[in-house]
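The values are calculated or read from the model by the stated rules, or taken from the named source; none is laboratory data. Predicted, not measured: the structure shown is a model, and the values here were computed from it. Every residue, glycine as well, gets a Cβ built from its backbone with ideal geometry; the counts of neighbours run over all protein chains shown. Side chains included, ligands, DNA and RNA excluded: accessible areas come from the protein's heavy atoms. Shrake-Rupley method; radii C 1.70, N 1.55, O 1.52, S 1.80 Å.
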Amino acid sequence: MIINPLMVGMKTATNAESENSFISDPTALWFFAPEMNNNPYQRLLYAYFAEQKIQHQGFRKIEDAVAAAINAPTDLPRVLHLHWLNVVLAGATSDERALRNIEDFEQLLNSAKKAGVKIVWTVHNVLPHESFTQEFAIRVRKSMVASADLIHVMSPDTVAQCAPYFEIDPAKVVRSEHAGYHGFYSAPQDNKDARARWGLPQGGQLGLILGGIKPYKGLNEFSEHFIAATASDPRRLTL
């Protein structure tokens, strides 16, 4: 098995407001959170906003996006667009803390609505992969769908898949499929060059775990199977 510094040392932006689009004469102001700099999805989603003269700005924290939307000029339509809601319960280690986080989130949504800000939610997952408890995760989403003026889904089955946990008003739903990443990344390297860059042997098979290193992905079990499968010949397969 080879673990190369390139595999774990990729740098990501940490600015609170790194995804900005400033337009001289905008028709609308769009604020979104949480901004994920290491995920190109949001850059692809907003790629054509400038052509529509929509000025958009990303924030790592929901409260910062809400404050910006509330304080923005009121002569233009203002939109608060929320993405992954697992951040609401992040850091909660008790029921009391989880409830406080939810109440704070609900207050933010109420403040935005009272200020005349339109609210959009993109449903990335029915429920988060990781959460303090499912009960509280469901409450967060019930609060979200109650406050949202528009709910963006990427699959025709999303509303039905959410129904056992929380209901989405079909009248609020707009569907736009997940963007493909073709053309976003640079052209593939030559096989030999790529292996050299990553410190991988030029011959033999490679096994790849794609995506984030997360507890729910069963990496411990995968590692055990990999070790057992290569015990007699550790060089025949590189992970």
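Once backbone amide H atoms are built at 1.01 Å from N, T238 has Q205, L206, G207 as its partners under 5 Å, excluding neighbours fewer than 5 places away on the same chain. The fraction of accessible area contributed by carbon and sulfur in the chain is 52 percent, rounded to a whole number (1.4 Å probe; ligands and nucleic acids excluded). In this structure, the residue pairs whose Cα-Cα separation is over 19 Å, taken from K118/K172; K113/K172; K142/K217; K53/K114, are K142/K217; K53/K114. Put the Cα centre of the range 195-216 next to the Cα centre of the range 117-139 and the gap is 31 Å. Distance between the pseudo-spin-label points of Y41 and K113 (7 Å out from Cα toward the beta carbon): 2.5 nm. For the range 52-211, the solvent-accessible area of protein heavy atoms averages 57 Å² per residue (probe radius 1.4 Å; ligands and nucleic acids excluded). Applying the Karplus relation 6.51 cos²θ - 1.76 cosθ + 1.60 with θ = phi - 60° to the range 131-138 yields 3J(HN,Hα) values of 7, 4, 8, 5, 4, 6, 4, 5 Hz, where x marks Gly and Pro.
The Cα-based radius of gyration and maximum Cα-Cα distance (Dmax) for the chain are 21.4, 70 Å.
Using θ = phi - 60° in the Karplus curve 6.51 cos²θ - 1.76 cosθ + 1.60, the 3J(HN,Hα) couplings for the range 157-164 round to 9, 4, 4, 5, 5, 7, 3, x Hz; x is entered for Gly and Pro.
Applying 1/(1 + (r/R0)^6) with R0 = 30 Å to the Cβ-Cβ distance of S155 and E51, what FRET efficiency is obtained, to the nearest 0.05? Using R0 = 30 Å, I get an efficiency of 0.70. Considered as an equivalent ellipsoid built on the Cα gyration tensor, the range 116-239 has semi-axes of 41, 21, 11 Å, the largest given first. Net charge of the neighbourhood of L99, taken over other residues with C-beta under 11 Å away and scored Lys/Arg +1, Asp/Glu -1, is -3.
When the chain is treated as a Gaussian network with alpha carbon springs shorter than 10 Å, the biggest mean-square fluctuation among A171, A67, A187 belongs to A187. Sequence-distant contacts, meaning Cα pairs under 8 Å at least 6 residues apart, place the relative contact order of the range 109-239 at 19 percent. Each Cα pair under 8 Å and six or more residues apart adds its sequence gap; the mean of these over the residue count of the chain is a relative contact order of 16 percent.
Taking N220, N125, N110 in turn, the Gaussian network model of the chain (Cα-Cα springs below 10 Å) assigns the largest fluctuation to N220. 3J(HN,Hα) along the range 111-119, derived from phi through the Karplus expression 6.51 cos²θ - 1.76 cosθ + 1.60 where θ = phi - 60°, amounts to 5, 5, 5, 4, 7, x, 7, 7, 10 Hz, with x in place of Gly and Pro. Annotation for the range 171-239: chymotrypsin sites (Phe, Trp or Tyr not before Pro) lying in DSSP loop with at most 15 further Cβ atoms inside 10 Å of their Cβ are Y181, F184, Y185, W198. Each of the peptides 188-196, 161-169 was scored by the mean count of other Cβ atoms within 10 Å over its residues; in descending order, highest first, they stand as 161-169, 188-196.
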